[in-house]
Amino acid sequence: MMKNRKRFWFIFWMLVPVFSVIGFLSVYPTIKGFILAFQNYTVFTFNRIEFIGWDNFEEIITDPDFLMILWNTVIWIGVSVFFQLLLGLGLALLLRKPFKGRGIYSGLVFYPWALSGFAIGLLWSWLLNGQFGIINDLLLKMNIIEEGIQFLSNPDTAMLSVLIVNIWYGIPFFAIMCLAALQSIPDSVYEAADIDGASGWAKLVKITLPYIRPTIISTVLVRSIWIMNFPDVIYGMTRGGPANSTEILSTHMINIVYYENDFSKASALGVMVILLLLVYTLLYLGFFNRGEMEL
Amino acid sequence: MKRSKRTVLNILRGAGLAFYLALAIFPLLWIFITSIKPPEEVYTFPIKYWPSKISWASYEYLFGFADFGKYFLNSIFVSISASLVSTVIALFSGYVLAKMRFKGKYFLVVFLFFVQMIPAYLLMIPQYTMFSNLNLINRLSGIILVYIGLGAAFSTIMARGFFVRIPKSLEESALMDGCTRLKALFKVTLPLMLPGVAAIFSFSFVQNWNEIFTAALFLNSDSKMTVPVALYSFISKAGIQWNVLAAGIVVSLIPTIAVFAFAQKYIVAGLTKGSVKE
């Protein structure tokens, strides 16, 4: 009895720090965000806050650009994840078999994972500069284009530009996850396939991909959510402009905070993002067999 | 026949590896070259690929006039303090969630998975209103607190993942020898956890170092800015030269690259075993 009690308090006190921090800094703010969404809290009205019903939500949805922002978000997630996965998987397949210097090599190609998305956005906006950017310079020299492209100040090319940078940024993560999964495939499986005379392509489609399918599914799920909530690269490059052509839900919310100072309207958008996340996760889990998830 | 096919495959593989390497290195290389060009060679047409001489003028301006050293130290202080605290508390709870059986454990783990999905920018507004009341706005201690909160859930998940892989028998024999549980944890389990500790701390450091949106909202006086906030304020100011910004970007990337170089092995292990997030 005495021992049980001691054990209980041991568990309790070990858990208290993390869970009180989360309660104070994640759970309570989330609840408070829901409340703020129905109020009129701006930097200018903070001392006379009232409940105003659904006004903030209405204001967001009736914004003429709102549908475009939603569509941009879908493109941002879908295109980024698709190419990050494709190129990340390609890199992982190249790295599967050992070669001399593989450790150093993988360090050199994986390092973008650790970089600040915002700084990467800034960095690439210099590479893509319409006048002095090296990308334009190289494209001109290779005769692919005839005059410099204003990548970031033209609404037609801005989205493509931020997508390319985001894909670049996300390749290492997918490569790391896929590589770990590839390395867990026992060599004997491939040896058996070799004896049967399977071609390289057959081995990829019949062995490799089915083996790493659970990893791919869980990585895509987690990464989609993460990318939706990753405004850093866009913020370093365009801040959602020009003319909202690269605005996604997360940059939209940050712009409302920074430039309109309307905390309640931003919170309303935040509530919508949280609900979207929930719906997305449930749909995804329902669509794929839950047993395959590597939670 | 067979051999020539293999040679072709090897060449293709080498070309693929070279392509990825060039893709990964080129942007960073170019920003570095920009930062060591003499300022008058940055805006030239056609572009100069190589500076006529190496010039540290951009860095001198950055650390002199722009006072970047101050922001750098702020960032170091904030990132290290927050990562230390969240690593330590994550070790406590991760240990219990990995090694002990009790009612409600499964619920707590699932709860942590959901909490770690909530991004910083969704929390920053309510946190701002809370911290205004507590007088923690525009203070490094306030932003440290926010970062501890942001890192706590995922660090715990990672710590649990590492603890699960340490065999139970080791600790049990220590307990048999009359150690208390806490003593067994410190003497037996923790030394085996060092790779885990490195992974959790490095991961958390990288996240904290790179966080910008909460910091930009919370830290509004010049003396309190962290590195990302300073870069952000540079681009808002008209007339910042790209060579100086390039130097700022290079300096801002060095710490996380260093951490990654040092802890890549551990971080990769932490990412791929028993955890879901970046």
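Where a number appears in this text, it was derived from the coordinates with a stated rule and is not lab data. Note that this is a predicted model, so its numbers are computed, not measured. Here Cβ is always computed from backbone atoms with ideal geometry, including for glycine, and neighbour counts include all displayed protein chains.
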Q) A:Gln39's amide H: which non-local residues (gap 5+, or another chain) put their own amide H closer than 5 Å, with H modeled 1.01 Å from N in plane and none for Pro or chain starts? A) A:Ile52
**Q.** Cα→Cβ-extended label distance, 7 Å offset, between A:Thr45 and B:Leu134, nm
**A.** 2.7
Q: With θ set to phi - 60°, apply the Karplus curve 6.51 cos²θ - 1.76 cosθ + 1.60 along region A:187-197 and write out the HN-Hα couplings as whole Hz, x wherever there is a Gly or Pro.
A: 4, 4, 4, 5, 4, 4, 5, 4, 4, 6, x
Q) Lys/Arg Cβ at +1, Asp/Glu Cβ at -1, dipole of the protein assembly as shown taken about the Cα centre: which of A:Ile60, B:Ile157, B:Gly142 is farthest positive-ward? A) B:Ile157
**Q.** Degrees separating the helix B:120-133 axis from the principal Cα axis of chain B, which is the longest one
**A.** 80
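Only four residue types carry charge here, +1 at the Cβ of Lys and Arg and -1 at the Cβ of Asp and Glu. Report the dipole size of the protein assembly as shown about the Cα centre in Debye, rounded to the nearest 20.
2860
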Q. Averaged over peptide A:216-228, how many Cβ atoms belonging to another chain are found within 10 Å of each residue's Cβ?
A. 2
Q | In Hz, Karplus ³J(HN,Hα) per residue of region B:174-187 (6.51, -1.76, 1.60; θ = phi - 60°; x = Gly, Pro) | A | 5, 5, 4, 6, x, 6, 6, 4, 5, 5, 4, 4, 6, 7
Q. Where does helix B:242-272 land angle-wise versus the long Cα axis of chain B, in degrees 0 to 90, nearest 10?
A. 30
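In what sequence, highest mean first, do A:61-68, B:147-154, B:14-21, B:211-218 appear when ranked by Cβ atoms within 10 angstrom?
Sorting A:61-68, B:147-154, B:14-21, B:211-218 by mean packing, highest first, produces B:147-154, B:211-218, B:14-21, A:61-68.
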Q: Would you mind working out the magnitude of the charge dipole of region A:179-295 relative to its Cα centre, with +1 at each Lys and Arg C-beta and -1 at each Asp and Glu C-beta, to the nearest 20 Debye?
A: 240
Q. Of B:Pro195, B:Ile254, B:Ser52, whose Cα points farthest to the positive end of the dipole of chain B (charges on the beta-carbon: +1 Lys, Arg; -1 Asp, Glu; origin at the Cα centre)?
A. B:Pro195
Q) Nearest 20 debye, what's the magnitude of the dipole of region B:1-159 about its Cα centre given +1 on Lys and Arg Cβ and -1 on Asp and Glu Cβ? A) 1180
Q) Helix-derived [θ] at 222 nm for the protein assembly as shown: sum -39500 (n - 2.57) over DSSP H runs of at least 4, divide by residue count, nearest 500? A) -22500 deg cm²/dmol
Q) How much net charge surrounds A:Gln131 when only the other residues with a Cβ under 13 Å from the Cβ of A:Gln131 are counted, with Lys and Arg +1 and Asp and Glu -1? A) -2
**Q.** Most fluctuating residue given options A:Phe83, A:Phe24, A:Phe132, as computed from a GNM of chain A linking Cα atoms under 10 Å
**A.** A:Phe24
Q.
Taking θ = phi - 60°, what integer Hz values does the Karplus form 6.51 cos²θ - 1.76 cosθ + 1.60 yield along region A:84-91, in sequence order, with x for Gly and Pro?
A. 4, 5, 4, 6, x, 5, x, 5
Q: Could you check which residue among A:Pro112, A:Pro98, A:Pro155 shows the biggest mean-square fluctuation in a GNM of chain A with a 10 Å Cα cutoff?
A: A:Pro98
Q. Taking Cα pairs under 8 Å and at least six residues apart, what relative contact order does chain A come out at, in percent?
A. 30
Q | Relative contact order for region A:66-190, counting Cα pairs under 8 Å that sit 6 or more residues apart, in percent | A | 41
Q | Listed residues A:Ser184, A:Ser245, A:Ser224, most fluctuating in chain A (Gaussian network, C-alpha, under 10 Å) | A | A:Ser184
